[in-house]
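This report refers to the structure that appears directly beneath it.
The values are calculated or read from the model by the stated rules, or taken from the named source; none is laboratory data. Since this is a predicted model, take the numbers as computed values, not measurements. Cβ atoms come from the backbone with ideal geometry, glycine included; neighbour counts cover every protein chain shown. Side chains included, ligands, DNA and RNA excluded: accessible areas come from the protein's heavy atoms. Shrake-Rupley method; radii C 1.70, N 1.55, O 1.52, S 1.80 Å.
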Amino acid sequence: FETAEYFDLLKTNANTASGRPKDNFHGSLDTAAYQRLSNDGVSIGYGVIWTLPAASPPRDIRVALVEPGSPAASTTVALERGLRVIEIDGVDAVNDGGESTPDLLNAALYPETEGETHTFVFADPETDERRPVTLTAESVTYQPVPSTQVINTPTGPVGYLLFTDHIATAERALFDAVSTLDSAEVKDLVLDLRYNGGGFLDIA
């Protein structure tokens, strides 16, 4: 067996009662790709973090976060949080139950090669307006601390910090973010870890 095949045999494909994968915390990456991401924050993709509330038909695949300056942020169609994926490369991403469909969808959602192109149809979650767009994979540099804000409230300034990856480039970004919040004398802090996939223990 190759390593990836062996890993897949060890993972359970069972779902919980709610339909979510029972093993929701394990995955594998090529060593070179992992080192590039963890040390430099660079990964091949569109600059989208996806969320899959339902991975089996009827699937629910949505845009969770878009990296500024990435291919996803630079399209003529505005990709934004909450958009649902309806179709990928002509395949019904919601209802198609074909045996090969999960592999086709995963290959498009998580491309492995720069220049790889896939066609998506997104739907607005409120109006159901359809937005077709073609995305081309590039080497995207992800910002592990993409947002730091100070929110003024009646009880004093509140800090907000979005932290998405425990990678090497997060160290300076976290230092700068905390310094900014310290200078603003925030009284409370909202630490947003919703999209954080973990990483280095020294960053933790």
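Figures for the structure shown
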| read-out | value |
| --- | --- |
| Accessible surface ranking that places the most exposed of ILE49, ILE61, ILE86, ILE151 first, with a 1.4 angstrom probe | ILE151, ILE49, ILE86, ILE61 |
| The chain: projected area of the alpha-carbon convex hull, averaged over directions, in nm² | 14.0 nm² |
| Segment 178-194 - phi-based ³J(HN,Hα) in whole Hz, Karplus 6.51/-1.76/1.60, Gly and Pro as x | 5, 4, 4, 5, 5, 5, 7, 6, 5, 9, 9, 9, 9, 9, 8, 10, 4 |
| Accessible surface, per residue, of the chain when the full set of protein chains is kept, probe 1.4 Å, Å² | 60 Å² |
| Area of ASP124 that stays accessible when all protein chains are in place (1.4 Å probe, Å², to 10) | 20 Å² |
| Surface share of carbon and sulfur [accessible, 1.4 angstrom probe, percent] for segment 1-109 | 51 percent |
| Portion, in percent, of the accessible area of segment 153-204 that falls on carbon or sulfur, probe 1.4 Å | 57 percent |
| Neighbourhood charge, 10 Å Cβ-Cβ cut-off, centred on ALA107 and excluding it, Lys, Arg +1 and Asp, Glu -1 | -4 |
| For LYS22, solvent-accessible area (1.4 Å; no DNA, RNA or ligand), Å² | 130 Å² |
| Accessible area (Å², 1.4 Å probe, nearest 10) - ARG172 | 150 Å² |
| Cα pair distances of segment 103-176 binned at 10 Å [whole percent] | 15, 24, 30, 24, 7, 0 |
| Built amide H within the under 5 Å cut-off of ILE61, gap 5+ | VAL85 |
| Helix-only mean residue ellipticity at 222 nm for the chain, each DSSP H run of n ≥ 4 adding -39500 (n - 2.57), per residue, nearest 500 | -6000 deg cm²/dmol |
| Among beta bridges that DSSP assigns inside segment 101-204, antiparallel share in %, nearest 5 | 70 percent |
| Solvent-accessible surface ranking, highest first, for LEU29, LEU37 at 1.4 angstrom | LEU29, LEU37 |
| Whole-number percent relative contact order across segment 42-174, with pairs defined as alpha carbons under 8 Å at least 6 apart | 23 percent |
| Per-residue ³J(HN,Hα) for segment 112-125, Karplus 6.51 cos²θ - 1.76 cosθ + 1.60, θ = phi - 60°, Hz, x for Gly and Pro | 10, 10, 4, x, 5, 10, 9, 9, 10, 10, 9, 10, 5, x |
